[in-house]
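The next block holds one structure in the form of structure tokens; read it before the comments.
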Amino acid sequence: MWLKPEEVLLKNALKLWVTEKSNDYFVLQRRRGYGEDSGGLTGLLVGTLDTVLDSTAKVAPFRIIHQTPDSQVYWNIACGASLEEISQHWDWLQQNITRTLSVFDSGEDITSFVQGKIRGLIAEEGTSASDEEDPERFREAVLRFERLFGLPQREKLVTYFSCSYWRGRVPNQGWIYLSTNFLCFYSYMLGNEVKLVYPWDEVSRLERTSSVLLAESIRVCVRGEDHFFSMLLRLQQTYVIMQQLADYAIVRFFDKETFNFIPLLPFFFLLALEIHARNQSFRAFFRLPQEENLCEVYESFLWVPLCHVNTLGKICVSENYLCFASQDGSQCHLIIPLWEVRILQIFLQTAKKSVIETRRLDCMCVFLSEDEEGVMVGQSQAVSTEALMNVFHPHDAENLDPKMLKERMKEQSWQIHFAEYGRGTGMFCTKKTRDLIVRGVPETLRGELWMLFSGAVHDMASHPGYYGRLLEECMGSSSLACDEIERDLHRSLPEHPAFQSDTGISALRRVLTAYAHRNPKIGYCQAMNILTSVLLLYAKEEEAFWLLVAVCERMLPDYFNRRIIGALVDQAVFEELIREHLTQLTEHMTDLSFFSSVSLSWFLTLFISVLPIESAVNVVDCFFYDGIKAILQLGLAVLDYNMDNLLCCHDDAEAVTVLNRFFDSVTNKDSPLPVTVQHASATANDKSIQKVDIGNLIKEAYEKYGDIRTEEVENMRKRNKLYVIQTLEDTTKQNVVSTKAVLYFNAAQLDELYMLFKRQHFVSCYWSVCSPALQNHDPSLPYLDQYQLDQSQFSSLFNLLQPWTTHTHARSLARSAFRLLDENGDGLVNFKEFICGLAIEKSVVFCPSGRAKVDLQEYLKQWQEDLQRREENIKDLPRINQVQFIGLTKTLYGVFHGDEEEESLYRAVARVTSLLLRMEEVGRKLQESSPQKMPQNTPTSTAQPETSPTLPTSPETETLTEGEGDQPDSPVSQQETAPSHSDITPTSTSRPSTPTSSPTGTSSPMLDTPTDTPSSPSAVRDGDWSFSFEQILASLLNEPSVVRFFERAIDTDSLIAHARKNQLKCFHLTKPISSLNIYHSHFGD
């Protein structure tokens, strides 16, 4: 049958396939192990692998692939189960396609034509590989998915495929399930069960690979471990879906962005992801505003004026633009704003003039309105309406200097180009345009062309008056970004006269402040001032603002923020290109991370910080036309130019010196700028150093590395973004974990606890597109506070890690622990606070094997001393009243329930309770007998110092509201006589209570106490009895069974493993999202 064309890797696949027939454009192949010559070792191996596979994943024994003579790329277009079936497809290609292909001039046109024909055949026969699954069959897969992996019902299965998972050299045939938040695999063969469940947010590598044994497979790296999935019938489709799901997870969990659609049903979810990815690619390629969405795409031919050739490509239509791009994207592209269209006519016969020819219409002619000049809107008088270069270095038309003559020749070349291909937004961008860019843009046209090629002209046209309104809103405001801007204003091109005056400084301040107000997520980042300074030299102030918007939000995404993820991703792409193109340098320097650290400023400032300004602007010209591809090419050219010197370096310092000397030697021999404006390098007067012209360097970069395709760069960006983010996450984890005390947890346990804490944070984002964690995320927070838990999240994780048997009062215990740890009262707990809570719990009950038990009295003494040093939180210890004491007793019963020493523990609690009640009764009688003055012979408790530390009210004091019958009654009578304790005196309870605040110093912890129940010592009524913390603790410490219970050794690792296994299962009880919401959802971009 015909297949949707998919690119195949033949580097190592030739050993698995044998060529039966071939010509210049197609190859018919047979898989080894089928037909003749199937008895060899390779044939037996391949036949065995295919035999054990599931029927839906078997590789067809015959296939046809498409190739072109001048390309190494192959496309799988047909497969067959028999030679007769595949021969029919071969004959059809010979009769209908092969002869036609000879009329095309380029391989790209041939491949595009073949792909279009194959897609047409698939549509006609209705056998597309992307048809929807049978609903009943998919429903069975959903039930199987829920049963096998135990995930909550709100986790939606997107799709599933049959495949093989390779564990070592043994394949495990099974099914891979792709859901919204997890990658899952299940296999059961001959009693061997394999089950994998990995969140997308933990994937660090995702790529297609090939090996000698596996022709093609998908490699997934999770937490440093590689997993290979192969034998996929729709490998490319699977890989694309996995990429989209992984990118979806990154955007939601790490970038904290929300989506406008609710992923409930698999078809709608896949469609929404596809639409989102397609809109992003469309806007990025044509540099259109973020509001534009792709509506229609048609294959077409464009008649390019003067070239007199039909260019094969596609018409892309959005709400406000009609765009055309040639097949390779670089030969020709055109952008037509629909609001500038004056006449639209349809011709039945093709005329040799500027027309766009489509398949639906014989031809379409678009005439642009004559007035293509932008309309100035009302602006504040303070806004500069001239580029700073025109103010400080006006163009002199009578200057006959040789450099000025060359500048005029460039201007004439561009005027000829405008006459032939148009000017402004409707200009044809061809290879000739790129040639002119490489030669250098004239000073007078630089601002106009930057606006055009970056797409900023479209942003500015669609938002008239926006910049002026933004300035009115933000001027006079004060923020951290404004302070940082003021600090860096005079560091921006200080050698240029424009920024030695108030005119340039004020314009720079307004643009940076306006952008910080527009995009508070980025605000202001260092390097933005350098870039904006150059933009202001050649563009008007409002134009410079929109150029900055285009760079920060579209051309260099994620560059200018706290983590500079975008720059780090491009560093990884740069390293990959070095390995591919500069193998000699790679062999000499095994660690290429040096180039990443050195080249970071190249990418952040577009070489402005390392090159003289007159040379750097030529690099910016290329960047606005070709994007990041131009910077990568130039970086490779710089390393290639200095190859010999770098190979002689023995350390990084020598290499840095070599590159710095090279940049100092770069000049622009054609620059018309005066000497006062040009940057004077340290080696300007050193004639021994050979000068390098920036024009020649850029030309060499395009000649040697111009074959790097934009699509290839974007794919490498996607592939490396996962790795970069996970590397940053690992660094963040190490920074956070290293700041924690490791007295009670070793490094491995802290790592596991951090991952549990982080996943608990992400769980709130898994099934909610508008969770509080996303809405309240502050990217300016330090690493420690990037992940925080609210009370419900904390309670779930705390209960999984607490060692006692689950009891009725567990919720109250977790709730009070949360209020104890939430020191700032913001309703959130970070990892530091969480681990401190576990350390307190561990100091009482956790005692891993091989480590001595903790002395409780010694620990409490040390804890009290530590708290006393915190003078700002020092308060009197609160006393608990009778209602709270009853709650404490009930919670202890609940904690002890089910223990092997349950009866003795119950008796111990009963003795403690009886003793404390009798002590309080004796103390009250003594108070009544001597109300004014205590007898001298009555022993009294030592007066508590005024600065006694604050400890939390027992968390069990909140449990009374849960009902008196929640806990089993104590088997011990409360009348049982307690043993005497010589160290506790009855009068120790006679001390009056002192009003105190909550442990955190913000609010009372007794949030669940009824209104008629006293929640603080000051509220204790006359006649009520109360107890101090010291009394309760001393009484409990004198019960050996209670001490043994809390000193019992518990394996921390087993508790962590239990929490990791059951972390997601607790969400089964949560009510799933109603499927009716799908009717209220809509697809965002």
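Within the set of pairs 6+ apart or on separate chains, which have a first residue in region 797-812 that is assigned to a helix (DSSP H, G or I), a second that is open to solvent by less than 20 Å² (accessible area, probe 1.4 Å) and at pLDDT below 70, and C-beta atoms under 6 Å apart?
Close Cβ pairs satisfying both conditions: SER812/GLU958; SER812/THR959.
Consider ASP105 carefully, then state whether it is at pLDDT below 75 and in contact with a strand residue (DSSP E or B) (Cβ under 9 Å, 6 or more places away or on another chain).
Against the criterion (at pLDDT below 75 and in contact with a strand residue (DSSP E or B) (Cβ under 9 Å, 6 or more places away or on another chain)), ASP105 qualifies.
Tell me which residues, restricted to region 860-902, are among the aliphatic types (A, V, I, L, M) and either at pLDDT below 75 or in contact with a strand residue (DSSP E or B) (Cβ under 9 Å, 6 or more places away or on another chain) (or both). Working first, answer last.
Taking region 860-902 first, the residues among the aliphatic types (A, V, I, L, M) are 860, 867, 874, 877, 880, 883, 886, 888, 892, 895.
Matches in region 860-902: LEU860, LEU867, ILE874, LEU877, ILE880, LEU888.
Which ones in region 268-298 are more than 22 Å from ALA461 (Cβ to Cβ), open to solvent by less than 20 Å² (accessible area, probe 1.4 Å) and out of contact with any Lys or Arg (no Cβ under 9 Å at 6 or more places or on another chain)?
Matches in region 268-298: ALA272, LEU273.
I'm checking my understanding of the structure. Among residues of region 108-131 that are among the polar types (S, T, N, Q) and open to solvent by less than 30 Å² (accessible area, probe 1.4 Å), which one is modelled with the lowest pLDDT? Lay out the reasoning, then the answer.
Applying the first criterion (among the polar types (S, T, N, Q)) to region 108-131 yields 111-112, 115, 127-128, 130.
Among the residues that remain, those that are also open to solvent by less than 30 Å² (accessible area, probe 1.4 Å) are: 111-112, 115.
Numbers: THR111: 83, SER112: 79, GLN115: 82.
Looking at the filtered set, the residue picked out is SER112.
Restricting the first residue to region 615-627 and requiring it to be in contact (Cβ under 8 Å) with a residue 40 or more places away in the chain and part of a loop (DSSP other than H, G, I, E, B), which pairs with a second residue that is of a type outside the set (Gly, Ala, Ser) and open to solvent by 10 Å² or more (accessible area, probe 1.4 Å) meet a Cβ separation below 7 Å and a spacing of at least six or different chains?
Close Cβ pairs (under 7 Å, with a partner that is of a type outside the set (Gly, Ala, Ser) and open to solvent by 10 Å² or more (accessible area, probe 1.4 Å)) amount to GLY627/MET555; GLY627/THR710.
Being open to solvent by 50 Å² or more (accessible area, probe 1.4 Å), in a helix (DSSP H, G or I) and either at pLDDT 90 or above or more than 19 Å from GLN726 (Cβ to Cβ) (or both) is true for just one of GLU580, GLU575. Which residue is that? Give the derivation first.
Values: GLU575 fails: open to solvent by 50 Å² or more (accessible area, probe 1.4 Å).
GLU580 is the lone residue from the list that is open to solvent by 50 Å² or more (accessible area, probe 1.4 Å), in a helix (DSSP H, G or I) and either at pLDDT 90 or above or more than 19 Å from GLN726 (Cβ to Cβ) (or both).
Does region 474-490 contain any residue that is in contact (Cβ under 8 Å) with a residue 60 or more places away in the chain, touching a Ser or Thr at 6+ places or on another chain (Cβ under 6 Å) and in a helix (DSSP H, G or I)?
no
Matching residues to (1) open to solvent by 50 Å² or more (accessible area, probe 1.4 Å); (2) within 22 Å of VAL341 (Cα to Cα); (3) at pLDDT 65 or above:
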position	(1), (2), (3)
CYS363	no, yes, no
SER369	no, yes, no
MET389	no, no, yes
LYS403	yes, no, yes
ARG423	yes, yes, yes
ARG446	no, no, yes
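I need the full set of residues from region 71-107 which are of a type in the set (A, V, I, L, M, F, W, C), within 20 Å of ARG32 (Cβ to Cβ) and open to solvent by 50 Å² or more (accessible area, probe 1.4 Å), in order please.
Here is the first cut: in region 71-107, the ones of a type in the set (A, V, I, L, M, F, W, C) are 73, 75, 77-79, 81, 83, 86, 90, 92-93, 97, 101, 103-104.
Filter once more, so that each one left must be within 20 Å of ARG32 (Cβ to Cβ): 78-79, 81, 83, 86, 90.
Answer for region 71-107, where residues must be of a type in the set (A, V, I, L, M, F, W, C), within 20 Å of ARG32 (Cβ to Cβ) and open to solvent by 50 Å² or more (accessible area, probe 1.4 Å): ALA81, LEU83.
Among the numbered criteria (1) open to solvent by 20 Å² or more (accessible area, probe 1.4 Å); (2) touching a Ser or Thr at 6+ places or on another chain (Cβ under 9 Å), which single criterion is violated by TRP546?
Single failed check for TRP546: (1).
Could you look through region 143-179, keep only residues that are over 20 Å from LEU232 (Cα atoms) and of a type in the set (A, V, I, L, M), and pick out the one that is nearest to the chain's Cα centre (by Cα)?
Here the residue is LEU151.
In region 612-626, how many residues are open to solvent by less than 10 Å² (accessible area, probe 1.4 Å) and closer than 20 Å to TYR559 by Cβ?
So the count comes out to 8.
Return yes or no: is VAL441 outside any helix (DSSP H, G or I), among the β-branched types (Val, Ile, Thr) and open to solvent by less than 60 Å² (accessible area, probe 1.4 Å)?
Details: outside any helix (DSSP H, G or I): yes; among the β-branched types (Val, Ile, Thr): yes; open to solvent by less than 60 Å² (accessible area, probe 1.4 Å): yes.
Yes; evaluated as a whole, the condition is true for this residue.
Which of the residues belonging to region 591-604 are within 22 Å of ARG491 (Cβ to Cβ) and surrounded by fewer than 21 Cβ atoms within 10 Å (Cβ to Cβ)?
Let us first name the residues in region 591-604 that are within 22 Å of ARG491 (Cβ to Cβ), namely 597-604.
If the condition is that a residue be within 22 Å of ARG491 (Cβ to Cβ) and surrounded by fewer than 21 Cβ atoms within 10 Å (Cβ to Cβ), then SER597, VAL598, LEU600, SER601 are the ones that fit.
Given the conditions (1) part of a helix (DSSP H, G or I); (2) without any contact (Cβ under 8 Å) to a residue 24 or more places away in the chain; (3) farther than 30 Å from GLU319 by Cβ; (4) of a type outside the set (Gly, Ala, Ser), which single one is not true for ARG469?
(3)
The values are calculated or read from the model by the stated rules, or taken from the named source; none is laboratory data. What you see is a predicted model, and the numbers here were worked out from it, not measured in a lab. Ideal geometry is used to build each Cβ from the backbone, glycine not excepted, and the neighbour counts take in all protein chains shown. Heavy atoms of the whole protein, side chains included, go into the accessibility calculation; ligands, DNA and RNA do not. Shrake-Rupley method; radii C 1.70, N 1.55, O 1.52, S 1.80 Å.
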